[in-house]
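Q: Just dropping this structure here.
The values are calculated or read from the model by the stated rules, or taken from the named source; none is laboratory data. What you see is a predicted model, and the numbers here were worked out from it, not measured in a lab. Don't worry about glycine lacking a Cβ; one is built from the backbone with ideal geometry, like all the others, and counts go over all protein chains shown. Each accessible area value is taken on the protein alone, full model and side chains, heavy atoms only, with ligands, DNA and RNA left out. Shrake-Rupley method; radii C 1.70, N 1.55, O 1.52, S 1.80 Å.
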Amino acid sequence: MRSKAGYWLGGALMVLALVGGTVWGLTSVMGQIRAEKDYQRVDLPGTGTVEMQAGSYVVYVEGPGADVNPPRVNVVITDPTDQTPLALRSYPGSYSYSGTTTGSALALVSSPRAGRYDVRASSDEALGGSAVAFGQGEGLRLGPIFLGIGILFVTFSAGAALTLATLIRRARMHRPAQPPPPFAWS
């Protein structure tokens, strides 16, 4: 049989890998960028209230140039039910972002329960248009991106292998028959 189904299926797998990998990658990156837009913010200097679920949060400082040269900021987060301040830990390493807003990771905080928390933020530096932001994400998560690349690679490779196998199989089928050796009379 001289079916071309292997070409079609292999090509479809390769196209699916390219389109799917591109969509997966863009969706992962855009989702993380959108997360930065959804951060809760308190003006700097200023006071405010943020809603937190039980768990860990990253505290960011945002404002002009905060991605390159973040200002020194003092943040106090208290549980309004008992006025207990939450412990802030230094952010390990560094993370900054720029886009619609610019900012840098400042600290990590864990909220023991879901609820509203009071925030007081201050700084000795002049900070027009600055804020302290709270988010559960901490930068570009590479896991989903690497998973997408892995799926793209495996699917594309399977499509290429199927296409190549079909090409070889069909080439073998189309070989001209060897003519019989000439008949020799003796």
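Q: Kindly provide the set of residues from the range 51-90 that are closer than 13 Å to Gly135 by Cα and touching a Pro at 6+ places or on another chain (Cβ under 6 Å), ordered by number.
A: Matches in the range 51-90: Val61 only.
Q: For the structure I just gave you, tell me whether Thr47 is out of contact with any helix residue (DSSP H, G or I) (no Cβ under 9 Å at 6 or more places or on another chain) and part of a strand (DSSP E or B).
A: It is true that Thr47 is out of contact with any helix residue (DSSP H, G or I) (no Cβ under 9 Å at 6 or more places or on another chain) and part of a strand (DSSP E or B).
Q: Filtering the range 32-53 down to residues that are small (Gly, Ala, Ser) and open to solvent by less than 30 Å² (accessible area, probe 1.4 Å), which residue is modelled with the highest pLDDT?
A: So the residue we want is Gly48.
Q: Step by step: first the residues of the range 54-88, then only those that are under 22 Å from the mean Cα position of the chain (by Cα) and surrounded by fewer than 17 Cβ atoms within 10 Å (Cβ to Cβ), then the one that is nearest to Gly99 (Cα to Cα). Which residue is that?
A: Taking the candidates together, the pick is Val68.
Residues are listed down the side, and each one gets a yes or a no for (1) open to solvent by 50 Å² or more (accessible area, probe 1.4 Å); (2) at pLDDT below 85; (3) aliphatic (A, V, I, L, M); (4) touching a Pro at 6+ places or on another chain (Cβ under 8 Å):
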{"site": "Ala121", "(1), (2), (3), (4)": "no, no, yes, yes"}
{"site": "Glu125", "(1), (2), (3), (4)": "yes, yes, no, yes"}
{"site": "Gly129", "(1), (2), (3), (4)": "yes, yes, no, yes"}
{"site": "Leu140", "(1), (2), (3), (4)": "yes, yes, yes, no"}
{"site": "Ala160", "(1), (2), (3), (4)": "no, no, yes, no"}
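Q: Tell me which strands (runs of 3 or more DSSP E) are completely within the range 64-171 and hold 2 or more residues being among the β-branched types (Val, Ile, Thr) and closer than 20 Å to Thr47 by Cβ, or say none if there are none.
A: 74-79
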